[in-house]
Each structure stands twice: as structure tokens, then as C-alpha cells.
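Input: a single structure, listed below in C-alpha cells.
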Amino acid sequence: MNRFLVTDIGELVTCGGGVKRGAAMKNAGAVKDGAFFVADGVIQAVGSREELEKRYRGEARFSCNGALVTPGFVDSHTHAVFGGERSEEFSMRLRGASYMSVMESGGGIAATVAATRAATEEELVRRGKEHLARMLAFGVTTAEVKSGYGLDTETELKQLSAVKKLGKIQPVELVPTYMGAHAVPAGTTAEAYIERCVNEILPKIAESGLAEFADIFCEEGVFSLSQSEKYLLKAGSLGFRLKLHADEMVSLGGAGLGARLGAVSADHLLKIGKEDIARLAKSDTIATVLPLTAFCLGEDYAPARALIDGGAIVAAASDFNPGSCCSCSVPLLIALCCIYMKMSVEETLTALTINGAAACGREKSSGSIEVGKQADFVVFSCNKKEFLPYYTGMNLVKTVFKKGVRAYG
Ligand code: NIG
Ligand code: FE
């Protein structure tokens, strides 16, 4: 079935009209009695059911039986390819240890680095496939995936090569990010490692063509503002688009740096200062909030309300990773956005679709149900968007289409 009319939709949330900042985020484009026509994986027409039923009479129909339909979700920040697991660290945190104290004592990211170095590429692909199947079941049709558990050329390339293979063998479209500056490898200093990234690793990753973005953990005790600037400037000069993990544990100023360097996104932002909220709001750098991480770490949430009210482009993503946030649950993410970050359902859907697509460079092809976009969409087992946070943490996804092909359900 490569030509069909999607019809009998209870509520169609198109998220159309482009990437949205500030007050515009509440326009999720929800229409009653809408329909759309798909051919060759692309959306050909969007309109009222009555009109499209007439125009496409005789074509195949996919009846949604009165259900809610949204664009496929875009998870623009994940670390979904890694070796090993860190349930022991999670238990330590339950007993009172902090994320940074585990990292400082040689655990945390370093433990996953050891396990990822030891894993074969096939193992990384096999495990990654399981994670991506879970994400698809939550309605995710596009996901960014970072490396950063190798911290050496060979393992970073192995991770990115696993991401490329995964992009070919399962339906979720993947956007690869090199995040070599994720932690300081044992036996060196942050300064020396950044030099190595700049002079050796970044150029090799660029040559491989395996990553579109470069990302860095700009954080007190990890990489400083000046080290982050050096790394990102080099990455930019090699053709990477830029991202940062910014202001997650302390208010260091990473978000402001991202805005100044024209980064595509600055992510986390739990501790972002007032001045940097204003800087992001004035810039095109997307503020990506990751409330599942704050939830798992027991931290306060990023000030999404202040960012939106200030006029920023806000995206929301999972940050799925084996340490700070071993969850890719979109239902829980939606609930946290609405209940704790005080985002409306419409703002949350914008953040998870078109703005998420922009945060990983896919806003032209994904993130909305509009003519010319890929037919990536989700059919739910409820009839209106308000049920998404109301059925808290429960998965209401019934069927997922990727490029017009039924990929789940
Ligand atoms: O986004 N903060 C740094 N990086 C990840 C965690 C990675 C890990 O703990 O393995 C994050 O939270
Ligand atoms: Fe992250």
C-alpha cells in the first residue's frame, strides 16, 4: 500500500507551519475531522476529511477509527549505542551518591567507555536495535544518536559505524553525532585530551563522514568553557554542526557559549542563568530540555517556561543513556513536560516534533504532517492530545508509520 488516504482521524495534530519559538509553540495545528493523502512515502495533501474523501475517491484508505494522529516524534538527544549497563551506579545513587561523585571516583561514563571498547560492533548493533525498537514503540520515527563512549578514534568510529548500520536495518531514521568530548579519558587531562580531539580525532571523524554533529559535555570538572569553545570552533571548521551539553550540573555558561557560536542546540539547561536564557531566546540556538534526566537524577527541571516565555525555540528529548537516564519513555517525558515544566500539551508536542527535528537538522523532511514531508506519523489509542499527559506514563501508541510504511503496531 504505497498510496493511501489517512482518514477517520479524531484529532489531527499537524505541528505544521515551521520551527516555532516562544508563544508560537502553542500552535500545534490541531484540526478536527482532518485527513491526509500519502504516496511513495511522502505526504501529498492535507485537508478536511470531506474534501479529501472526494478528491481521492477510489484510493486505498487507512481508517484511524476516530483516533488522535500526530507526526512521528523526533528524539533529538540520545546516547542509544553503548556497551554494558550501570544498574549498580543507579543503586548507588538511590543510596545517596551523586552523579558527579560516581564520575569523579572513576565510574560513570568511564565504566561505559570500558564496556564499549570491549564490545564488538555487532554487539553494539544488536543492543542498539533493541533500544530503537522500544523507541519506535513510543512513536519515535527519527532519533539523534551520539558516540562518546570510546574517547579514542577507533572506538568512536566503531560506535558511529554501528549507528550507520542501525540506520539501515530498522525503521527509526538516525542522525549521528560525534561526542568524543564526553569525559576525560583516564591517564590524561582535559586540556591534553581536547588538543587530541582537535588535532587528531575530529579530523579523522570528519574524514569518515560518519557524523553530522559534534557535541561536548561543557561542565565544571569535565570540559571548561574555553576548552569547549576550542573544540567546537574546530568542529565547525571541519563542517560539523554543533551541539553542547550545557549547564546541567552547575551554571557554567555553556548555553551562552552555544548561542555565541551558532550551535544548533544547547541541551540540558537545568542550571542555566537568567542572562543565558535571554541569550538563547534571542538566538536560533535551540534550547533542548531533557526532563527524564532531571527526573532520574532527582534534580530540579530546566526552566522551560522561562525559555518559552522569553521567546526561545524549545525542543524536548529523552537523553536516553546507560547512566544519568536509562529511559526513552516518551509518555513519561510528555507527562514531565506538562506536569513539572508547565508546558502545555501543544507546546510539548511542538517540542517533540518540528522543534526536535530542527534540533537534529531534519526540519525540512520530518516533524510535521505537511505536504512534501515524509509520511512519519503516529496513530494513538485515544481520540485527543490531552490524553497524552493524562494517561500518565502510559503508552497510547497504536500504530507508527515511517515514510508511509507501517513500522509498528
Ligand atoms: O547527557 N551528561 C553527560 N552525558 C550524559 C550521560 C552519559 C552517561 O552517564 O553515560 C547525559 O546526561
Ligand atoms: Fe546527553
>> Which residue fluctuates most in the GNM of the chain (Cα springs below 10 Å): Val13, Val163, Val371?
In response: Val371
>> Could you tell me the ratio Rg/Rh of segment 244-306? Both radii from Cα atoms, Rh via Kirkwood.
In response: 0.94
> At 4 °C and 1.567 mPa s, what whole-number value in µm²/s does Stokes-Einstein give for the translational diffusion of segment 1-118, with Rh from the Kirkwood sum over Cα pairs?
Replying inline: 70 µm²/s
> Per 10 Å bin, what is the whole-percent P(r) computed from every C-alpha pair distance within segment 195-268?
Replying inline: 22, 55, 22, 1
> What lysines sit close enough to Lys26 to cross-link, taking a C-alpha to C-alpha distance under 16 Å and skipping anything fewer than 8 places away on the same chain?
Replying inline: Lys342, Lys384, Lys385
>> With only alpha-carbon pairs counted, each pair once and no self-pairs, how large is the Kirkwood hydrodynamic radius of segment 320-409 in angstroms?
In response: 14.1 Å
> When only Cα pairs under 8 Å and 6 or more residues apart are kept, what is the percent relative contact order across the chain?
Replying inline: 22 percent
> When the helix-only estimate is applied to the chain (DSSP H runs of n ≥ 4, each -39,500 (n - 2.57), divided by the residue count), what is the mean residue ellipticity at 222 nm, nearest 500 deg cm²/dmol?
Replying inline: -10500 deg cm²/dmol
> Along segment 365-377, what does the Karplus equation 6.51 cos²θ - 1.76 cosθ + 1.60 (θ = phi - 60°) give for ³J(HN,Hα), rounded to whole Hz, x for Gly and Pro?
Replying inline: 10, 9, x, 7, 9, 9, 4, x, 7, 4, 7, 9, 8
>> Output wanted: per-residue J couplings in Hz (rounded whole) for segment 221-237, from phi through Karplus 6.51 cos²θ - 1.76 cosθ + 1.60, θ = phi - 60°, x for Gly and Pro.
In response: x, 10, 10, 6, 4, 6, 5, 5, 4, 4, 4, 5, 4, 5, 4, x, 5
> When the Kirkwood radius is taken over all Cα pairs of the chain, what Stokes-Einstein diffusion coefficient follows at 37 °C and 0.692 mPa s, in µm²/s?
Replying inline: 155 µm²/s
>> Taking each pair of distinct Cα atoms in segment 184-229 once, what is the resulting Kirkwood hydrodynamic radius in Å?
In response: 11.4 Å
>> If I model a spin label as a point 7 Å beyond the Cα along the Cα-Cβ vector, how far apart are those points for Ser87 and Lys342 in nm?
In response: 3.9 nm
> Rounded to whole Å and sorted largest first, what semi-axes of the equivalent ellipsoid does the C-alpha gyration tensor of segment 103-175 yield via the square root of 5 times each eigenvalue?
Replying inline: 23, 14, 10
>> Pairs of alpha-carbon atoms within less than 8 angstrom and 6+ residues apart define the contacts here; what relative contact order does segment 152-216 have, in percent?
In response: 46 percent
> Taking only the alpha carbons of segment 213-366, what extent do you get along each of the three principal axes, in Å, biggest first?
Replying inline: 38, 36, 31
>> Could you give me D for segment 108-221, from Stokes-Einstein at 20 °C and 1.002 mPa s, where the hydrodynamic radius is the Kirkwood radius over C-alpha pairs? Units µm² s⁻¹, please.
In response: 148 µm²/s
>> Whole-Hz ³J(HN,Hα) for each residue in segment 39-47, computed from phi via Karplus 6.51 cos²θ - 1.76 cosθ + 1.60 with θ = phi - 60°, x for glycine and proline: what do you get?
In response: 9, 6, x, 10, 7, 9, 7, 10, x
> Relative contact order, percent, of segment 180-229 when contacts are C-alpha pairs under 8 Å separated by at least 6 residues?
Replying inline: 47 percent
> If you wrap a convex hull around the C-alpha atoms of segment 340-383 and split its volume per residue, what is the figure in Å³?
Replying inline: 95 Å³
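Any read-out appearing in this document is the output of simple, stated calculations on the displayed coordinates, not a laboratory observation. Keep in mind it's a predicted model, so treat the numbers as computed, not measured. Please note: Cβ atoms are built from the backbone with ideal geometry, for glycine as well, and neighbour counts cover all protein chains shown.
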